[in-house]
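Chemist: Questions regarding the structure given below will be posed in turn.
Only the coordinates and a few stated rules stand behind these numbers; no lab work does. If you're wondering where the values come from, they're calculated on a predicted model, not measured in any experiment. FYI the Cβ positions are ideal-geometry reconstructions off the backbone, even for glycines, and counts take in every protein chain you see.
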Amino acid sequence: MDRPVRIVTVALVGNPNSGKTTLFNRLTGANSPVGNYPRVTLTPQRREIRHRGWTLAIVDLPGIYSLTSQTPEERAARDFIHFNTPDLVLNVIDSGNLDRSLFLTSQLIEMGRPRVHALNMIDEARKKGITLDTTAMASMLGGSVVETVALFGEGFEGLLDAIIAAVETEVDAGLVKITYDSHLEQTISRVTDMIGELHPAMLDKAQCHWLAIKLLEGDDEVLTREGEHTQLIDLIRLERSALARNHGDEVDTMIADARYGFIHGLLQETRSLSKPDRGGDLTQRLDRVFLNQFFGLPLFLASLWVMFEATFSLGKYPTDWIDAGVKATGAFLNPLLPPGMLHDVVIDGVIAGIGGTLVFLPNIVILFFFLALFSETGYLARTAFLVDRLMHPFGLHGKAFIPLVMGFDCNVPAIMAARTIESPHSRLIAILVTPFMACSARLPVFVLFAGAFFAQWAGTVVFAMYVISIAAAMMAAVLIGRWLKGEGQTAFAMELPPYRLPTLRAVWFHMWERAQSFLQKVGGVILVGSVVIWFLQAFPNHTDRTEEFTASITVAQAQEDTPERAELLAHLELQKNQDRLVHSYLGRASQAVTPLFGALGFDWRDTTAILTGFVAKEVVVASYAVLYNQSEEGEKDGLKAALAGAMPPLRAFAFLVFILLYSPCLSTIAVIWREAGSWRWAAFSVVFSFGFAWVLAWLVLLVGGLVT
Amino acid sequence: MVDRAVISNTEAASVTLADVARGQTAWVKRIASDDTQFRQRLQSMGVVKGTEILVDHTAPLGDPRVYALKGYRLTLRNSEARHILVMLE
């Protein structure tokens, strides 16, 4: 039997929470996982499967509620259907939530592509006593209707058969129509005709009809696209105002009303309830506890604490093992490589860089275990609801709360946690604001400075840093929100999905996906970055005085082994290190930029510490140790004493504020790059945080100068 | 952008969804907003003329609130609910 060898493109469309991703994973045998978190890039996932000799390319479009042009997700989905004209649209519907879910279906009907409808999660609907007449539904929706339970792959054979049957028979998908008010119908057909004349032979009838409806709805994107046809735009304007005048409702409202009317009629005929709606379902009972006005917030904070503790306390063990493993590898390779350039690159650059990436992995895996648990059970949306009032005044979404709190420990997993925020606009703000949260790597610097300059007030100063950190994050949120204004800011309107038991499979997917993408995408950047910064810090490894130090050390070593000799040797070693750092590329760069910090009174030592802190904030302490000829370990008090005289307390405080606020570390920047989807945002983050840090440090000096 | 919407005097006098007490049910009359995007967003979430809405939960700080409609739960900020005109029982 001859059959045209052809790939059938199937576009997967559905509401968020409809089980669309689960269906995609299960249907395509998802050996490689697909995270359920909103993706930054809107490139749809595409996977091929075979069924009865056909090759089906399944394209997973973003989860959406409607096909307007309001959000990038909606635009991506409808552009794919309109311009790529897939052979078939597979519409995934939550069977327990038909009254609203079918709104998207009603719009898909008008896009005119052949369709198959999957009534997903039919098991939940059956438990509620809902029975659906799929045959009647199929004729009213124009396309087979198949009951499925994506989680268990139930109904998939029938679904795939229906897809192939639909493609083989090439049914006319344009037969079914939503009926509008008679005036509106006349208007739609007038506009459709004009579009047909303006785009001869380019658009089929269904596409013209769809465009007419979109134009009459006042869809910005379509109006812009057709902007050159002034005749058409004029007609639309006239018709819209005439309809609104005669009916007292805007055209988009008339259209939406008609769609819900169609849904109502359809459900009247196809849905029956065998048992009365008891009302007291599980979700309602759980919400009475978790959304309780008094216990809701404490319960959320308690679960957050458990997550926090597990991520960073439990995560400490594997992190230590990784640390030890990296050290052991270094120690193992150390004697194998001949001393010299290659040795240093491998041991101090590459291995340290790999170690620097791997240490984040335990935290990320554990954090995402919890986030997956929250998101799969339906609790995540509720946490956003609980704290939205606190976040909204600063232009932040309720879901930004978790990333910001996690930022207190480490910004890297925290920024990845911002993936739970659906709106790209809100997500971007959360990503850019999180680095201002005082991560634990900043604590050693706070402790050192607070001890050196504010011995009696050390605790208060460290506490002040945390307060400033939160205030700065909120200020930054307001500023960034203002700059990004108008970029798809929509209503908060958020669905609270029913509580569901999380499946091991889904939780595992989340964790694995995160770990994998972190290693693949972020790991490389961190690795290359660490090698580059290490190079700048270590080279040129020869200065004018290197010889001199080496000679002095040799002389000292030849002496009798006395405590004085040990002290002298240690001192020489420190001086040598200091000399090398000062003359390294990084040291020279620091001295070159010192004038920029003139107004803040930071000297070249401070700027060197700042630039080295770019690797990781805790390095600032190590750099000071080198710069002040003190050993970092053992004699912490020596370093404190050496620092104490170096600057007045007010300037030290300003310096701390600067350390708190400028770009936390290379890894954070790498993560921003990946999560925000462009290196431009990473660059913006660096520039913005440096500027912000500078201004605030300057304000500290100004205000402090006036007060004292 | 939602706040920019104009509410005429007669409409301001009628009941909005934000005024409905917890545990009460109301029916949507119309969305009083000139912002097409905002209207369409609410429409896509099922807020259209005649929709029955139950005020289900209030957040600890009084805002936002959870509404039960069309067989699911929707959260809205009070500033948004204020643009939804309703009829009471």
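Chemist: What are the principal axis extents of the Cα atoms in the stretch A:137-202, in Å, biggest first?
Modeler: For the stretch A:137-202, the Cα spread along each principal axis is 48, 29, 20 Å.
Chemist: Let me ask something additional. When you look at the Cβ of every residue in A:252-260, what mean number of other chain Cβ atoms sits within 10 Å?
Modeler: Values: counts 6, 8, 1, 2, 10, 5, 1, 3, 8.
Taking the mean over all residues of the peptide, I get 5.
Chemist: At 25 °C and 0.890 mPa s, grab the translational diffusion coefficient of the protein assembly as shown from Stokes-Einstein with a Kirkwood Rh over Cα pairs, rounded to a whole number in µm² per second.
Modeler: 82 µm²/s
Chemist: Now for a separate question. Measure nothing fancy, just the Cα-based angle from helix A:182-198's long axis to the longest principal axis of chain A, in degrees from 0 to 90, nearest 10.
Modeler: The angle comes out near 70 degrees.
Chemist: On C-alpha positions alone, give me the angle between the axis of helix A:251-270 and the longest principal axis of chain A, in degrees, nearest 10.
Modeler: Here the helix axis deviates by roughly 70 degrees.
Chemist: Give the Debye-formula value of log10 I(q)/I(0) at each listed q (0.16 Å⁻¹), with one equal scatterer per alpha carbon of the stretch A:524-707, two decimals each.
Modeler: Calculated log10 I(q)/I(0) at the listed q: -1.06.
Chemist: At q = 0.18, 0.20, 0.25 Å⁻¹, what is the base-10 log of I(q)/I(0) for the stretch A:182-273 according to the Debye formula with one equal point scatterer per Cα and no solvent? Please give it to two decimals.
Modeler: Relative scattering, expressed as log10 I(q)/I(0), comes to -0.81, -0.94, -1.29.
Chemist: Within 10 Å of each residue's Cβ, count the other Cβ atoms and sort A:ASP320, A:ASP87 from fewest upward.
Modeler: Details: A:ASP320 12, A:ASP87 18.
Lowest count first: A:ASP320, A:ASP87.
Chemist: To continue, here is another question. Within the stretch A:94-115, whose backbone N sits under 20 Å from a point 7 Å along Cα→Cβ of A:ARG46?
Modeler: A:113-115
Chemist: Assuming 0.692 mPa s and 37 °C, estimate D for the stretch A:527-595 with Stokes-Einstein, Rh taken as the Kirkwood radius over Cα pairs, in µm²/s. Walk me through the numbers before you get to the answer.
Modeler: On the way: Rh = 13.5 Å.
Estimated diffusion coefficient is 244 µm²/s.
Chemist: Sticking with this one: Could you list A:ASP193, B:ASP63, B:ASP19 in order of exposure, starting from the residue whose Cβ has the fewest other Cβ atoms within 10 Å? Write down the numbers at each step before the final one.
Modeler: Values: A:ASP193 12, B:ASP63 18, B:ASP19 15.
Fewest to most other Cβ atoms nearby, the residues stand as A:ASP193, B:ASP19, B:ASP63.
Chemist: Then there's this: Normalise the Debye intensity by I(0) for chain B, one equal point scatterer per Cα, no solvent, then take log10 at q = 0.10, 0.26 Å⁻¹ and round to two decimals.
Modeler: Computed log10 I(q)/I(0) values: -0.21, -1.52.
Chemist: Per residue of A:96-105, how many C-beta atoms from partner chains lie within 10 Å of its own C-beta, taken as a mean?
Modeler: On the way: counts 2, 4, 2, 6, 10, 4, 1, 6, 1, 0.
Mean partner shielding for this stretch: 4.
Chemist: Roughly how far apart, in whole Å, are the Cα centres of the stretch A:113-175 and the stretch A:642-668?
Modeler: One Cα centre to the other: 63 Å.
Chemist: Give the calculated FRET efficiency between A:GLU548 and A:SER440 to the nearest 0.05, with a Förster radius of 56 Å applied to their Cβ-Cβ distance.
Modeler: Details: r = 40 Å, r/R0 = 0.72.
Efficiency at R0 = 56 Å is approximately 0.90.
Chemist: Calculate the FRET efficiency for A:VAL467 and A:LEU702 from the Cβ-Cβ distance with a Förster distance of 25 Å, rounded to the nearest 0.05.
Modeler: 0.85
Chemist: Right, something else. Mind checking the angle between helix A:72-83 and chain A's longest principal axis? C-alpha axes, 0 to 90 degrees, to the nearest 10.
Modeler: That helix lies at roughly 50 degrees to the long axis.
Chemist: Another question, then. If we sort A:183-192, A:135-144 on the protection proxy, mean other Cβ atoms within 10 Å, highest first, what's the order? Intermediate values should be presented prior to the final figure.
Modeler: Values: A:183-192: 16.8, A:135-144: 18.7.
The peptides rank, most packed first, as A:135-144, A:183-192.
Chemist: Here's another thing I want to ask about it. Please list 3J(HN,Hα) in residue order for the stretch A:333-339, calculated via the Karplus relation 6.51 cos²θ - 1.76 cosθ + 1.60 where θ = phi - 60°; whole Hz, with x for glycine and proline.
Modeler: Calculated HN-Hα couplings, in order: 6, 3, x, 6, 9, x, x Hz.
Chemist: Then there's this: To make sure I understand, if each residue's beta carbon is the centre and we count other beta carbons within 10 Å, what order do A:VAL149, A:VAL116, A:VAL687 fall in, fewest to most? Working shown, then result.
Modeler: Numbers: A:VAL149 22, A:VAL116 26, A:VAL687 11.
So the ranking, lowest neighbour count to highest, is A:VAL687, A:VAL149, A:VAL116.
Chemist: Now for a separate question. What is the mean number of Cβ atoms from other protein chains located within 10 Å of the Cβ atom of each residue in peptide B:73-81, rounded to a whole number? Don't skip to the end; give the middle numbers.
Modeler: Working: counts 13, 6, 12, 4, 8, 1, 3, 3, 1.
Averaged over the peptide's residues, the number is 6.
Chemist: Of all DSSP beta bridges located in the stretch A:7-175, what percent are antiparallel, nearest 5? Could you put the intermediate results ahead of the total?
Modeler: Working: 8 of 28 bridges.
So the antiparallel bridges amount to about 30 percent of the total.
Chemist: Run through the stretch A:273-357 and list the chymotrypsin sites (Phe, Trp or Tyr not before Pro) located in a DSSP loop whose Cβ has at most 12 other Cβ atoms within 10 Å. Show your work: numbers first, answer last.
Modeler: On the way: sites: A:PHE290, A:PHE294, A:PHE295, A:PHE300, A:TRP305, A:PHE308, A:PHE312, A:TRP321, A:PHE332; in loops: A:PHE294, A:PHE295.
Filter output for the stretch A:273-357: A:PHE294.
Chemist: For the stretch A:553-654, what is the convex hull (Cα atoms) projected area averaged across all directions, in square nanometres?
Modeler: Working: hull surface 29.9 nm².
Directional mean of the projected Cα hull area for the stretch A:553-654 stands at 7.5 nm².
Chemist: Mind scanning A:LYS20/A:LYS316; A:LYS128/A:LYS205; A:LYS316/A:LYS576; A:LYS316/A:LYS399; A:LYS128/A:LYS214; A:LYS20/A:LYS617 and naming the pairs with a C-alpha gap bigger than 32 Å? Kindly include the intermediate steps, with their values, before the conclusion.
Modeler: Details: A:LYS20/A:LYS316 36 Å; A:LYS128/A:LYS205 41 Å; A:LYS316/A:LYS576 35 Å; A:LYS316/A:LYS399 26 Å; A:LYS128/A:LYS214 36 Å; A:LYS20/A:LYS617 42 Å.
Correct reply: A:LYS20/A:LYS316; A:LYS128/A:LYS205; A:LYS316/A:LYS576; A:LYS128/A:LYS214; A:LYS20/A:LYS617.
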